[in-house]
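These notes concern the structure reproduced below.
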Amino acid sequence: MERPDSSSSDEEDDRHNLIEQNERKLPNPNRSTFHIDDDDVDRHHHSNHREFQSQLRRRFGSLNSLNKRYMFAVFLPLVIVVLYFSIDVRNLFSTNLSGIRFDSFSDRLRESELRALYLLRKQQLDFFSLWNHSFNDSSSPVASNSSSNNSSSSDSGSAFGTQQNLFIEDLKFALLRQISLNKEIQQVLLSPHRSANSSSTGLESDSGDPSLGGYGLNRCGKVDQKLSLRKTIEWKPNSNKYLFAICLSGQMSNHLICLEKHMFLAALLSRVLVIPSSKFDYSYSRVLDIVHINKCLGRKAVITFEEFAEIKKNNIHINRFICYFSLPRPCYVDDEHIKKLKGLGITMGKLESAWVEDVTKPNKRTVQDFQAKFSTNDDVIAIGDVFFADVEKEWVMQPGGPLAHKCNTLIEPSRLIILTAQRFIQTFLGKNFVALHFRRHGFLKFCNAKQPSCFFPIPQAADCITRVVERANTPVIYLSTDAADSETSLLQSLVLLNGKTVPLVRRPARNSAEKWDALLYRHGLEGDSQWGLCSNDSSDGTDGKGIAVGGSDSDATKTKVEAMLDKTICAMSSVFIGAPGSTFTEDILRLRKDWGSASVCDEYLCQGEVPNFIADNE
């Protein structure tokens, strides 16, 4: 066998020796006890060379990776220490953070400036609105005309404040609101300058700074009725002398006013008042608390027709029929109602007039005038309908009425109706709400016959209502109306405050799941399915024929119960908006005045204005 080339063999031997010297120490072959031939060494080397090489590479690679990790762990702390002592790290980061704070401050400053501009624009618009309102109130002749037209209603017991007082209160509130808005603008402009550690800049001094609460200003406070100045008389009736009440004008509201006047006149004559029979008039016992009246007076001064019939053993005779009104007919009683009286078994003499008195132009009468004409020793007398009578009007219409008693008022809803009204308010309205009597049915012709008209287009009415809601700061309106759904829907869409709709709440139809009206149903006083209650009064005091027939059937009585419930809810409101010329409104005002719930913000709808469009007469 040929020997390999000597040069190739020398190179292989050199490389092999180099590896042995650098990687590991192999035993010296010269020290071995065995003699190995060079050919064997070459063959052995060639067979294992590649295996040695791969193993050594793996070992070297693992050692190299491990060494790198150890070197990184050793040198990293050294690098951190060097950087810490060579660089001002605190200044480096503070410089960067200050740049960030500068950018944030610029953004906040821009935002606050835009917000302040918006508030200044709002303040400008408020000032313009205040200027226009004050200019119109002071220069428009409408206000004085309306005030004169409403003077009769004010004399009849409405608790409305004068236009001048309302304007002054509005002006005070508007000025304080602008001061508060100005303070808000200041805070907006100062907000970017507040440091992160403090919410104060040292510039917001509140000393001497007025606020809405600081002055204790209540725009819609209660009216001071000055009850200590009431002028009253004691009602001390003779137990065997009676005044038979007759009330025929209009609907329930008119009858209640007539009944109140009858009580005053009975007291002047020292007589017991007899409430009419439900077969002749309304069933008053279903809506009024007659026991309450006698309890407040401290004596039995009012009795029902049934009690009177029992006293007289069903032998009822009206000794004298002395008519207060002579025109358009004696006692303002028509033949149909005379027949009804006789149908109850009541006998009477001829109707006689005490003086010439016309219901369309009643004269002012004094106590002495009345007593001189109607005082008599007869046991039972009647004087006819006295709804339009004007006897000591200011005395009769004062808070609490003209009679001395220990209650807030004598004529008020029954206890069941009051409780039901309270439950409805607790369920749907809450303590703070505006009540609106929005009379529409049959009101267009009635109002247009007056100067100026009191029938307002719905958009104009919505503006007036919104102003009252804003002044009263109430979240909801209780709507008492006989208007069609088309009108109430339009009204709801237009009553907006600060871009939000102010809900108009009406009493819902009967729902057994709702328990607020359970008392009425439990005691058989429930009403029918129609809840439009504000048509229950006649604005002119009649039914178009001069006299309205009283409801004697059960359905009519039920409707009157619901009408009284409607009045009670309105009387309990924070602020009331009434319909001018409506006796339904006037009776609510009487209750508010007597209960002490009358507000300085109470007013007639669009008081001080005229309709911006009036149709021609027929």
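Starting from the Cα gyration tensor of region 238-397, take the square roots of the eigenvalues, sort them a ≥ b ≥ c, and report rounded, prolate or oblate (rounded when a/c is under 1.5, otherwise prolate if a/b is larger than b/c, else oblate). Here region 238-397 falls in the rounded category. With the charge dipole of region 238-397 set up from +1 on Lys and Arg Cβ and -1 on Asp and Glu Cβ about the Cα centre, the Cα lying farthest toward the positive end among the listed residues Ser277, Gly250, Phe264 is that of Ser277. As a rough guide to protection, the peptides 568-580, 259-271, 488-500 ranked by mean Cβ packing within 10 Å, highest first, stand as 568-580, 259-271, 488-500. So, counting K/R as plus one and D/E as minus one, what does the shell of residues with Cβ under 11 Å around Arg590 add up to? Result for the neighbourhood of Arg590: -2. Annotation: lysines with alpha-carbon distance below 17 angstrom to Lys431 (same-chain offsets under eight excluded): Lys222, Lys567. Packing, taken as the mean count of other beta carbons within 10 Å per residue, orders the peptides 381-392, 416-427 from highest to lowest as 381-392, 416-427. Taken per residue, the accessible surface of region 238-397 reaches 41 Å², heavy atoms only and a 1.4 Å probe. When a 1.4 Å probe is rolled over the protein heavy atoms, the share of accessible surface on region 238-397 that falls to carbon and sulfur comes to 48 percent.
Net charge dipole, region 238-397: roughly 300 debye, given to the nearest 20, about the Cα centre with Cβ charges of +1 for Lys and Arg and -1 for Asp and Glu. Ordering Val380, Ala404, Val356 by Cα displacement along the dipole of region 343-412 toward the positive end leaves Ala404 in first place; charges were set at the Cβ atoms of Lys, Arg (+1) and Asp, Glu (-1). Kindly identify region 323-420 as rounded, prolate or oblate by the Cα gyration tensor criterion: order the square roots of the eigenvalues as a ≥ b ≥ c, call it rounded if a/c is under 1.5, otherwise compare a/b with b/c, prolate if a/b is larger, else oblate. Cα axes put region 323-420 in the oblate bin.
Modelled label positions at Asn238 and Gln451, each set 7 Å beyond Cα in the direction of Cβ, lie 5.0 nm from each other.
The protection proxy used here, the mean number of other Cβ atoms lying within 10 Å of each residue, ranks peptides 395-404, 370-379 as follows, highest first: 395-404, 370-379.
Computed with a 1.4 Å probe over protein heavy atoms only, the accessible area of Cys454 comes to about 20 Å². Cross-link reach is defined here as a Cα-Cα straight distance under 26 Å, omitting same-chain residues fewer than 8 places apart; for Lys340 the lysines meeting it are Lys241, Lys261, Lys279, Lys312, Lys313, Lys350, Lys545, Lys558, Lys560.
The values are calculated or read from the model by the stated rules, or taken from the named source; none is laboratory data. Keep in mind it's a predicted model, so treat the numbers as computed, not measured. Positions of Cβ are backbone-derived with ideal geometry, glycine not excepted, and every protein chain shown enters the neighbour counts. Note: accessible area is taken over every heavy atom of the protein model, side chains too, but ligands, DNA and RNA are not part of it. Shrake-Rupley method; radii C 1.70, N 1.55, O 1.52, S 1.80 Å.
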